[in-house]
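Student: Let me begin by handing over the structure; questions about it come next.
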Amino acid sequence: MDVSDETLARAAADGDRQAFALLVERLYDRVYAYAVKLTGSRTEAEDLAQDICAALPAKLRGFRGEATLTTWLYRITVNAARDRFRRRASHARAAEGWGDHELARRAAEAETAERLDWLTEAMRGLSVEMRETLALVLDGVTHAEAAQVLEVSEGTVSWRVSECRKRLKAMKEAEA
């Protein structure tokens, strides 16, 4: 018997540990893959996905079923990534002037970024809004679902995808 994600979510929200485990097993890879696209870092994405899964039992109680569970989960991932970016920016400002330690940390981050594949690296050059939109569409989400996740119109999603294609094509041609 194949149980829907929404049914599992309701059971998990009511405290069913098996339902929660199965739900996480079904959805973790999708959350992680989307987080990689948002953050540009596999390590950062793993931390983000784990944080989301750890907070999921409490968040599931707030799931109203107005959207599909995956759309709702993408929204949580977008919000968590935005929070992480804000915290990182705050920490970076606080860390300015730490000298050699901070320079070494930044060099290690730069080296990690250089190892990413071309698309992930190119996506980092896009604005946060464009990257969020493109990551959703690349993950197979429809424009309508992406609009719901990002809380924008479907037309805005379509425009962003078109702009991303143009910009990525220009980046590729500039490298050739």
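FYI, it's all coordinate maths here, none of it is from the lab. Just so you know, these numbers come straight off a predicted model, no measurement behind them. Cβ: placed from backbone, ideal geometry, glycine included. Neighbour counts: every protein chain shown.
Student: For the chain, find the longest principal axis of its Cα atoms and tell me its angle to the long axis of helix 69-95, 0 to 90°, nearest 10.
Tutor: 40 degrees
Student: Here is a further query. Please check the chain for the longest run free of trypsin sites (Lys or Arg not before Pro) that are loop-located per DSSP (anything but H, G, I, E, B) and have at most 16 other Cβ atoms within 10 Å. Could the numbers behind the result be given before it?
Tutor: On the way: sites that count: R61, R64, R115.
Result for the longest clean stretch: 116-176.
Student: Could you tell me which of rounded, prolate or oblate describes the range 1-76, using a ≥ b ≥ c as the square roots of the eigenvalues of the alpha-carbon gyration tensor, with rounded for a/c under 1.5 and, failing that, prolate when a/b is larger than b/c and oblate otherwise?
Tutor: prolate
Student: Residue by residue, what Karplus-based ³J(HN,Hα) values in Hz, rounded to whole numbers, does the range 161-167 have, using 6.51, -1.76 and 1.60 with θ = phi - 60° and x for Gly and Pro?
Tutor: The phi angles translate into 4, 4, 4, 4, 4, 4, 5 Hz.
Student: Could you run the Karplus curve 6.51 cos²θ - 1.76 cosθ + 1.60 with θ = phi - 60° over the range 138-155 and give me ³J(HN,Hα) per residue in whole Hz, x for Gly and Pro?
Tutor: Taking θ as phi minus 60°, the curve returns 5, 7, x, 7, 5, 4, 5, 5, 4, 4, 5, 4, 8, 6, 9, 6, 5, x Hz for the range 138-155.
Student: Further question: Which pairs in the list K37/K59; K37/K172; K59/K169 are over 30 Å apart, alpha-carbon to alpha-carbon?
Tutor: Beyond 30 Å between Cα atoms: K59/K169.
Student: Here is a further query. Step through the residues of the range 170-175 one at a time and calculate ³J(HN,Hα) from phi using the Karplus curve (6.51 cos²θ - 1.76 cosθ + 1.60, θ = phi - 60°), rounding each to whole Hz and writing x for Gly and Pro.
Tutor: 5, 4, 5, 5, 5, 6
Student: Note the listed values (i) 17.7; (ii) 17.0; (iii) 19.8, then indicate which one is Kirkwood radius over Cα pairs in Å calculated from this particular structure.
Tutor: Only one listed value fits the structure, namely (i).
Student: I would also like to ask the following. Angle check, please: helix 17-39 long axis (alpha carbons) against the longest principal axis of the chain (alpha carbons), in degrees 0 to 90, nearest 10.
Tutor: 20 degrees
Student: Farthest toward the dipole's positive end in the chain, which of V157, A58, L38, given Cβ charges of +1 (Lys, Arg) and -1 (Asp, Glu) about the Cα centre?
Tutor: About the Cα centre, the residue reaching furthest to the positive side is V157.
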